[in-house]
Amino acid sequence: MDKKDYALLNTMIRLANKGARAAQKEAHRLGLPNVYFIGGKPVYEMPNGDLRLKYKY
């Protein structure tokens, strides 16, 4: 890969990260948890910042 390819890749990653952060913020604004998988198990980040292993709908 040359320098232009790395620059394009960097721009694409920055845009994707910006979109992901916006989606996470919107989910919290709506009162929904963000879900991450750590060690193959779901971990729920609640809108107040608490982390839980189980989520009651």
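Values quoted throughout were computed directly from the atomic coordinates according to the rules given, and no laboratory measurement underlies them. As the structure is a computational prediction, the values presented were derived from the model and not from experiment. Neighbour counts run over all protein chains shown; Cβ positions are idealised from the backbone, glycine included.
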When the Kirkwood hydrodynamic radius is evaluated over all pairs of different C-alpha atoms of the stretch 3-52, what value in angstrom, to one decimal, is obtained? 12.5
Report relative contact order for the chain in percent, whole number only (criteria: Cα-Cα under 8 Å, sequence separation at least 6). 19
Roughly what angle does helix 3-29 make with the longest principal axis of the chain, taking Cα atoms, 0 to 90 degrees, to the nearest 10? 20
May I ask you to sort 4, 25, 56 by Cβ crowding, counting other Cβ atoms within 10 Å and putting the fewest first? 56, 4, 25
With r as the distance between the Cβ atoms of residue 45 and residue 13 and R0 = 22 Å, compute the FRET efficiency 1/(1 + (r/R0)^6) and round to 0.05. 0.50
